[in-house]
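The values are calculated or read from the model by the stated rules, or taken from the named source; none is laboratory data. A quick note: this is a predicted structure, and the numbers were derived from the prediction, not measured. Cβ: placed from backbone, ideal geometry, glycine included. Neighbour counts: every protein chain shown.
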Amino acid sequence: MRKKLAAGNWKMNGLRESLQEIKTLSEVAVKASCEVLICPPATLVQSMTSISNDIIVGGQDCHADASGAHTGDISAAMLADCGAQYVILGHSERREDHGETDELVREKTRTAWSNGLTAIVCVGESLAQREASNTIDIIGGQLAASIPDNATGENLVVAYEPVWAIGTGLTPTLDQIGEVHDFIRMRLERRFGEGVGRSVRLLYGGSMNPKNAADIAAVSNVDGGLVGGASLKAADFSQVIAALS
């Protein structure tokens, strides 16, 4: 049985005063049947881990190298040292804004695993690719190239995030979400074996919010959500958690 995961990605948002939201959210998380994860900016990772034992903390990215002359970057070891347990890799905003390739995401995932972090590897198509009916081909290619060998249900989570739905308020239909999640499950089972393939949690990311979370959570092979804006306020994210519990 895969336990649902409510994962919040704060992106480039959050100051120390924002930690009050975590104190409020922890009262919800302790009662939830799903796991609750927040990935704040790196400046808040260590502070957040000290606030609540009921909320898991993760990073939003890590460098592919273990250490070195990479000004402004953060390593997987640094995240782990701050108490992070997860890290988001290959988010569409990283792929688009920073030119990250599938191959780079693969190397980052290897580094995350070597430091004991669970990697949330993101895949997703653009609007042009969706309209050209290339979604499945794009997702298949990203899965093959972005995920290293030796994946398990403990070290890997896959997030499907249609690029055109992130922060736009637009969402695919439930049938479209189900089609992609079923395809991802099939590909994981084919590559890693039925046991591992069935154990990896699949998250939906792309304008999940309190209004649509319950419907999306009921779709085949949706094991939770990677939530952006709706995770910034405890009042909103609590409703998403409730929908996944």
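Can you name every residue in region 16-74 that is touching an Asp or Glu at 6+ places or on another chain (Cβ under 7 Å) and among the polar types (S, T, N, Q)?
The one that is touching an Asp or Glu at 6+ places or on another chain (Cβ under 7 Å) and among the polar types (S, T, N, Q): Ser26.
Go through region 32-52 and give me each residue that's assigned to a loop (DSSP other than H, G, I, E, B) and either surrounded by 19 or more Cβ atoms within 10 Å (Cβ to Cβ) or without any contact (Cβ under 8 Å) to a residue 24 or more places away in the chain (or both).
Within region 32-52, Cys34, Pro40, Ser52 qualify.
Could you check region 187-225 and list, in sequence order, the residues that are in a helix (DSSP H, G or I), surrounded by 17 or more Cβ atoms within 10 Å (Cβ to Cβ) and aliphatic (A, V, I, L, M)?
Leu188, Val196, Ala213, Ile216, Ala217
Tell me whether region 71-92 contains one or more residues that are within 26 Å of Ile184 (Cα to Cα) and of a type in the set (Asp, Glu).
no
Return yes when Ala159 is surrounded by fewer than 21 Cβ atoms within 10 Å (Cβ to Cβ) and not acidic (Asp, Glu) and no when it is not.
It is false that Ala159 is surrounded by fewer than 21 Cβ atoms within 10 Å (Cβ to Cβ) and not acidic (Asp, Glu).
In region 66-82, which residue that is closer than 23 Å to Leu104 by Cα and not aliphatic (A, V, I, L, M) is surrounded by the most Cβ atoms within 10 Å (Cβ to Cβ)?
Ser75
Taking region 178-216, which residues are among the aliphatic types (A, V, I, L, M) and under 22 Å from Lys11 (Cβ atoms)?
Leu202, Leu203, Met208, Ala213, Ile216
Under the condition of being in contact (Cβ under 8 Å) with a residue 24 or more places away in the chain and either among the charged types (D, E, K, R) or assigned to a loop (DSSP other than H, G, I, E, B) (or both), which residue from region 16-30 is farthest from Glu93 (Cα to Cα)? Break it down into steps so the answer makes sense when it comes.
Here is the first cut: in region 16-30, the ones in contact (Cβ under 8 Å) with a residue 24 or more places away in the chain are 16, 18-19, 21-26, 28-30.
When the remaining residues are screened for being either among the charged types (D, E, K, R) or assigned to a loop (DSSP other than H, G, I, E, B) (or both), the result is 16, 21, 23, 30.
Working: Arg16: 24, Glu21: 24, Lys23: 28, Val30: 31 Å.
Per the criteria, the residue is Val30.
Could you check Ile184 against (1) surrounded by 15 or more Cβ atoms within 10 Å (Cβ to Cβ); (2) farther than 30 Å from Gly116 by Cβ; (3) in contact (Cβ under 8 Å) with a residue 60 or more places away in the chain and say which number it fails?
(2)
Within region 86-113, can you find the residues that are closer than 13 Å to Cys39 by Cβ and either in contact (Cβ under 8 Å) with a residue 60 or more places away in the chain or more than 16 Å from the chain's Cα centre (by Cα) (or both)?
Of everything in region 86-113, those that are closer than 13 Å to Cys39 by Cβ and either in contact (Cβ under 8 Å) with a residue 60 or more places away in the chain or more than 16 Å from the chain's Cα centre (by Cα) (or both) turn out to be Tyr86, Ile88, His91, Glu93.
Only one residue in Gly153, Gly116, Gly99, Gly167 is touching a Gly at 6+ places or on another chain (Cβ under 7 Å), under 30 Å from Thr43 (Cα atoms) and of a type outside the set (D, E, K, R), so which one is that? Show your work before the answer.
Details: Gly153 fails: touching a Gly at 6+ places or on another chain (Cβ under 7 Å); Gly116 fails: touching a Gly at 6+ places or on another chain (Cβ under 7 Å); Gly99 fails: touching a Gly at 6+ places or on another chain (Cβ under 7 Å).
Among Gly153, Gly116, Gly99, Gly167, only Gly167 is touching a Gly at 6+ places or on another chain (Cβ under 7 Å), under 30 Å from Thr43 (Cα atoms) and of a type outside the set (D, E, K, R).
So Asp215 ticks every box in (1) out of contact with any Gly (no Cβ under 7 Å at 6 or more places or on another chain); (2) over 28 Å from Asn134 (Cβ atoms); (3) at pLDDT 95 or above but one. Which box is left unticked?
(2)
For (1) closer than 23 Å to Ile241 by Cα; (2) surrounded by fewer than 19 Cβ atoms within 10 Å (Cβ to Cβ), each residue gets a yes or a no:
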site	(1), (2)
Gln20	yes, yes
Ile56	yes, no
Ala64	no, no
Ala84	yes, no
Ile88	yes, no
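Among the residues of region 170-181 satisfying the criterion of being out of contact with any helix residue (DSSP H, G or I) (no Cβ under 7 Å at 6 or more places or on another chain) and surrounded by 14 or more Cβ atoms within 10 Å (Cβ to Cβ), which is farthest from Glu154 (Cα to Cα)?
Going through region 170-181, the residues out of contact with any helix residue (DSSP H, G or I) (no Cβ under 7 Å at 6 or more places or on another chain) turn out to be 173, 175-176, 178-179, 181.
From the residues that got through so far, the ones that are surrounded by 14 or more Cβ atoms within 10 Å (Cβ to Cβ) too are 176, 178-179, 181.
Numbers: Gln176: 27, Gly178: 23, Glu179: 24, His181: 19 Å.
Among them, the one singled out is Gln176.
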